[in-house]
Amino acid sequence: MGGEGAIELKNQKTHKETVMAEKSKRGFASMDAEKQRAIASKGGKAAHAKGTAHEFTSEEARQAGQKGGEAVSRNREHMAQIGREGGRKSRKSES
């Protein structure tokens, strides 16, 4: 994971994180988020109008969601954190 300029760091719990080194932003990356969204939206609408946009079938969407869920659930520390947050929220709602 990571590419040129990526630096791998380890925190106290030996959890690895990839951090990108600072680079000057040019082109699309230099635009504010709202302008990027507007341009991307126009591109998506044009692709649909032209008939070249990919549209997921319900089966493809199901497989993609399953693949993402499997990837996330492999990280035991992340899943434990989600469980702790859920437990705290449920205790707050009971009071």
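The values are calculated or read from the model by the stated rules, or taken from the named source; none is laboratory data. Please read these numbers as outputs of a predicted model, since none were measured by experiment. For neighbour counting, all protein chains shown are included, and Cβ atoms are generated from backbone atoms with ideal geometry for every residue, glycine included. Each accessible area value is taken on the protein alone, full model and side chains, heavy atoms only, with ligands, DNA and RNA left out. Shrake-Rupley method; radii C 1.70, N 1.55, O 1.52, S 1.80 Å.
Quick check on the stretch 74-95: of everything there that is over 23 Å from the mean Cα position of the chain (by Cα) and open to solvent by 70 Å² or more (accessible area, probe 1.4 Å), which residue is farthest from H54 (Cα to Cα)?
If we take residues in the stretch 74-95 being over 23 Å from the mean Cα position of the chain (by Cα) and open to solvent by 70 Å² or more (accessible area, probe 1.4 Å), then S95 is farthest from H54 (Cα to Cα).
Yes or no, residue by residue, for (1) under 30 Å from R26 (Cβ atoms); (2) touching a Cys at 6+ places or on another chain (Cβ under 8 Å); (3) free of Cβ contacts under 8 Å to residues at least 12 places away in the same chain; (4) loosely packed, with under 10 Cβ neighbours inside 10 Å:
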site: S41; (1), (2), (3), (4): yes, no, yes, no
site: T52; (1), (2), (3), (4): yes, no, yes, yes
site: Q63; (1), (2), (3), (4): no, no, yes, no
site: V72; (1), (2), (3), (4): no, no, yes, no
